[in-house]
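Below is one structure; the comments refer to it alone.
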Amino acid sequence: MVEISRTKWSTDFSKWFRDVISQAEVYDYRYPVKGVGVWPPYGMKIRNNVITLMKRLLDESGHEEVLFPMLIPEDLLRKEAEHIAKFEEEVFWVTHGGKRPLERRLALRPTSETAIMAMFKLWIKDHTDLPLKVYQIVNVFRYETKATHPMIRVREVTTFKEAHTAHATFEDAERQVKEAVEIYKRFFDELCIPYMISLRPEWDKFAGAVYSIAFDTLLPDGRALQIGTVHHLGQNFAKAFEVTYLKPDGTHEYVYTTSYGISERVIAALIAIHGDDHGLVLPPHVAPIQIVIVPIPYKGVEKEVYKTCEEVYKELLKHGFRVVYDKREDITPGEKYYYWELKGVPIRIEIGPRNLKENTATISRRDTLDRKDIPLDRLIYELKKLMDDIKQSLYDRAWKWLRSRVGIVEDIEQAKDIVTKRQGVAVVPWCGSESCGLEIEERTEGRVLGVPLDEKYDVKGRRCIICGREAKHMIRVCKTY
Ligand code: A5A
Ligand code: ZN
């Protein structure tokens, strides 16, 4: 039996997160390389369910899966000047083959725009080849210089979903950006992860992008976590890689590209946002185990209890539930509850002597820990309904929490107070100038997330929180990971 230290979710989030991912066997960060980690079986199953969801959304919207090499030759990586300028400090280099120095250094991909463009150049000839929409789910390497954090800021990102698209016009690429934003909204909605969508400021956009749109969520410690980004890359990469297409009028033009990505940060957010003092709380549709059956075998009726549990177990399997029948005899039912609560199993079924008499099962839900008795002949119906209820209430609770932590502030000291005390996100009026934007970051000791794209704030009559000129936008600022 694992010894569980019940760290408080609400008061010591950072420790809670580390404790819970190791004790629930989601992610093991003891591997002897800084910033990398291991997915043990249980975590791998959560990861696979999240990936399956992502793949479905991409496949349904006409993206095709590909697989590109992890090695990128130095000259390719250097082709787009801004791109390499920002990634230079973060690249892992392969310099030797055995003992022999390589003629061309090879980068471990920090992202794949350059590798993809080298091949798009060969694949795209004609306007009928466009739009081209591909994605891959791979590992990428970034020598992160900020403090690393399990799953949240890693040096080997193991679950990097990157989509890359090429288009005939700027507008069509922009339409793709909007489609990507819609896909991510559905993805996060499915995972019950609340988000803010912001246009990243010029000084914080992706290296080589015309503009970047980011999804941020807020973790329990009041810091924002970027969980997905969508970039309009204009013709920047197309020009650097000479990717052109033949237009119907016989002339050639550079393509317009986009890229958008997410990573295991999403799984970190899933765990962080829904968890509680007892451990993980998983939404039923991504939980590796949706239901656990725990027998309560009293002396004299053990056989009957086991028999009923076995029948219920078979029935649930038949209906497609992911279910475990915990028959272990060396630990008590109470210890089992504790164990499966830590693992975040959404529903527990107990069957004991009283249930046998009444022809019921006792059901408890992980999210609220509420229990009730259900007649056995209604069990399947009730379980299906309960799974939907759990999902909905996780969704509602998470959004309510996020909304309660975002608010308009028009005084810089007050904004600083909110940011530094990690109370949440301050939404402040801004004139639109970069210098005022940077000063907002400096004076609040936070990071600007950008201009809200999902929320309409009225700026009329408001003045820039720094210079006092007329405000053009509201802008979000807070502490970030
Ligand atoms: N090619 C584009 C899509 C790209 O690389 N964009 S990105 O740099 O913004 O990364 C995409 C997403 O990956 C980010 O929004 C973030 O959620 C995640 N990510 C980036 N670096 C990470 C790291 N070191 N550890 C974990 N996740 C990371
Ligand atoms: Zn200003």
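Its DSSP H runs of at least 4 residues, each contributing -39,500 (n - 2.57), put the calculated 222 nm mean residue ellipticity of the chain at -11000 deg cm²/dmol, to the nearest 500.
Summarised in one figure, the compactness ratio Rg/Rh of the stretch 355-481, Cα atoms and Kirkwood Rh, is 1.32. Computed extension gain for residue 100 through residue 310, at 0.36 nm per residue and net of the alpha carbon distance, reaches 69.4 nm. Summarising the label geometry, the points placed 7 Å from Cα in the beta-carbon direction at residue 400 and residue 354 lie 2.9 nm from one another. In whole percents, the pair-distance distribution calculated for the chain from its alpha-carbon pairs, binned every 20 Å from zero, is 21, 48, 26, 5, 0.
Each residue of the stretch 1-128 gets 211 Å³ once the volume of the Cα convex hull is shared out per residue.
Charge dipole (Cα centre; +1 on Lys/Arg Cβ, -1 on Asp/Glu Cβ; no other charges) of the stretch 394-469 amounts to roughly 280 debye.
In units of the rule-of-thumb radius 2.2 N^0.38 Å, the stretch 297-355 shows an alpha carbon radius of gyration of 1.15. In the stretch 106-191, inverting the average of 1/r over every pair of distinct C-alpha atoms gives 15.1 Å as the Kirkwood radius.
The count of lysine pairs in the stretch 332-408 whose Cα atoms are under 18 Å apart, excluding pairs fewer than 8 places apart on the same chain, comes to 5. Using only side-chain charges placed at the Cβ, +1 for Lys and Arg and -1 for Asp and Glu, the dipole size of the stretch 117-184 relative to its Cα centre rounds to 380 debye. Farthest toward the positive end of the dipole of the stretch 52-202, out of 131, 118, 188, is the Cα of 118, where the dipole comes from beta carbon charges about the Cα centre. Distance between the 7 Å Cα→Cβ label points at residue 56 and residue 439: 5.0 nm. Non-local lysine pairs in the stretch 141-273, meaning eight or more places apart or on different chains, with alpha-carbon distances under 24 Å, amount to 10. Computed over Cα pairs, the Kirkwood radius of the stretch 300-399 leads via Stokes-Einstein (1.567 mPa s, 4 °C) to a diffusion coefficient of 90 µm² per second.
Taking K and R as +1 and D and E as -1, what net charge do the other residues with C-beta under 15 Å from the C-beta of residue 298 add up to? Taking every Cβ under 15 Å from that of residue 298, the sum is 0.
Quarter the surface of the alpha carbon convex hull of the stretch 232-332 and you get the mean projected area, 13.0 square nanometres. For the stretch 367-426, the carbon plus sulfur part of the accessible surface works out to 47%, probe radius 1.4 Å. At R0 = 35 Å, how high is the FRET efficiency between residue 301 and residue 368 if r is their beta carbon distance? Nearest 0.05 is fine. With R0 = 35 Å, the Cβ-Cβ based efficiency is 0.70.
Here each label is just a point 7 Å from Cα along the line to Cβ, and for residue 456 and residue 412 those points are 3.1 nm apart. Using Cβ point charges alone (K and R +1, D and E -1), the dipole size of the stretch 194-342 about the Cα centre works out to roughly 260 debye. Normalised Debye scattering of the stretch 156-215 at q = 0.22, 0.28 Å⁻¹ gives log10 I(q)/I(0) of -1.14, -1.30, counting only Cα atoms as equal scatterers and leaving out solvent.
With 10 Å bins beginning at zero, the pair-distance distribution over Cα atoms of the stretch 162-266 amounts to 15, 42, 27, 12, 3, 1 %.
Shown here for the stretch 16-112: trypsin sites (Lys or Arg not before Pro) in loop regions (DSSP other than H, G, I, E, B) with at most 12 other Cβ atoms within 10 Å, namely 30, 34, 99.
Annotation: for a label point projected 7 angstrom from Cα along Cα→Cβ of residue 147, residues of the stretch 443-481 with backbone N closer than 17 Å are 445-447, 479-481.
The values are calculated or read from the model by the stated rules, or taken from the named source; none is laboratory data. These numbers come from a predicted model, not from an experiment. All Cβ positions, glycine included, derive from the backbone under ideal geometry; neighbour counts span all protein chains shown. Side chains are part of the model used for accessible areas, which takes the heavy atoms of the whole protein and leaves out ligands, DNA and RNA. Shrake-Rupley method; radii C 1.70, N 1.55, O 1.52, S 1.80 Å.
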